[in-house]
Amino acid sequence: MLKLQSINKYYNPGTVNEMCLFKDFSLDIDEGEFVSVVGSNGSGKTSMLNIICGSIPVDGGSININGKDITNIPEYRRLRSMGRVYQNPAMGTCPGMTILENMSLADNKGKSFNLRLGTNKRRIDYYRESLKTLNLGLEDKLDVPVGSLSGGQRQALAMLMATMTPIEFLILDEHTAALDPKTAELIMELTGMIVREKKLTTIMVTHNLRYAVEYGDRLLMMHQGEIVIDKKGEQKKGLKVEDLLDKFNEISIECGN
């Protein structure tokens, strides 16, 4: 279980540009939940992910995973048990290295490195079989530099790499936003398959309302650092894109837009 308790977060504190994004913000996510998160720009979606991953510190409150307080644990240590896929396909892979070298790095996440060769040849067949599940022909391109792949191929590879080692959480930060519609559909189908097969607790921030409705078993809508919609189970299944659009319009009117 992930538990955010009474989180406070200020930007530019002590200046004329001080802004309070989160004030006593709390959220519980159960083990195995697939949570879709939507909201307008500046609503706090990505900041929430950054707080969970440790990319930015909090100014108050606590972050707990399975009863362990990780509030002051640095990002690199948190990511040993988390997989994160970013909006930019280039951020989840090393472009100058081959597919094989990238997968070897991901396969060794959290393990000690020494002066031995970085690629374990005994794992190559495993990498090839894993790549076959993507149906992109990458299993025949192990020696190809990742930088020469298309955005969709790199994002699919990043998704696979993020989930190669045992993790407690999968964090998806608008991971289809930079892709064309056809490729985005492929990545979302891959996302659903991986989350389902590995039974991963997942948080997916997305601007695509259809994906938010169709994927996951819980949906959150955020606005100005608060949760304004929280639907799960049968309530989530009954949601339609139009319901979310109505809420966006309501918020827009309240804000004078």
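The values are calculated or read from the model by the stated rules, or taken from the named source; none is laboratory data. On a predicted model such as this, the values are computed, not experimentally measured, just so you know. Cβ coordinates were reconstructed from backbone atoms using ideal geometry, including for glycine residues, and neighbour counts include every protein chain displayed. The area values use the complete protein model at the heavy-atom level, side chains included, leaving out ligands, DNA and RNA. Shrake-Rupley method; radii C 1.70, N 1.55, O 1.52, S 1.80 Å.
Observations on the structure shown:
- Residue check for Asn72: in a loop (DSSP other than H, G, I, E, B), within 23 Å of the chain's Cα centre (by Cα) and either modelled with pLDDT under 95 or not hydrophobic (A, V, I, L, M, F, W, C) (or both): yes
- Restricting the stretch 25-50 to residues that are among the acidic types (Asp, Glu) and under 21 Å from Ile194 (Cβ atoms), the residue that is most open to solvent (accessible area, probe 1.4 Å): Glu31
- Scope the stretch 36-62; condition more than 17 Å from the chain's Cα centre (by Cα) and either of a type in the set (Asp, Glu) or in a strand (DSSP E or B) (or both); matching residues: Asp59, Gly60, Gly61, Ser62
- Across the stretch 109-137, the number of residues qualifying as outside any helix (DSSP H, G or I), out of contact with any helix residue (DSSP H, G or I) (no Cβ under 7 Å at 6 or more places or on another chain) and modelled with pLDDT of 85 or more comes to 3.
- Of all residues in the stretch 48-96, those satisfying the criterion of being without any contact (Cβ under 8 Å) to a residue 24 or more places away in the chain and among the hydroxyl-bearing types (Ser, Thr, Tyr) are Ser55, Thr71, Tyr76.
- Every condition in (1) touching a residue at least 40 places away in the same chain (Cβ under 8 Å); (2) within 28 Å of Ser6 (Cα to Cα); (3) open to solvent by less than 20 Å² (accessible area, probe 1.4 Å) is met by Gln224 except one, and the failing one is (3).
- Taking the listed residues Thr176, Thr163, the one that is open to solvent by less than 10 Å² (accessible area, probe 1.4 Å) and under 17 Å from the mean Cα position of the chain (by Cα) is Thr163, with no other qualifying.
- Residue list for the stretch 74-85, filter: in contact with a Gly (Cβ under 7 Å, 6 or more places away or on another chain) and open to solvent by less than 30 Å² (accessible area, probe 1.4 Å): Arg78, Val85
- Checking each residue in the stretch 17-34 for being in a strand (DSSP E or B) and under 11 Å from Phe169 (Cα atoms) picks out Ile29, Phe34.
- Look at (1) of a type in the set (S, T, N, Q); (2) within 30 Å of Gln153 (Cβ to Cβ); (3) surrounded by fewer than 19 Cβ atoms within 10 Å (Cβ to Cβ); (4) at pLDDT 95 or above and you find that Asn88 fails only one, number (4).
- The one condition from (1) within 16 Å of the chain's Cα centre (by Cα); (2) modelled with pLDDT under 95 that Glu197 does not meet is (1).
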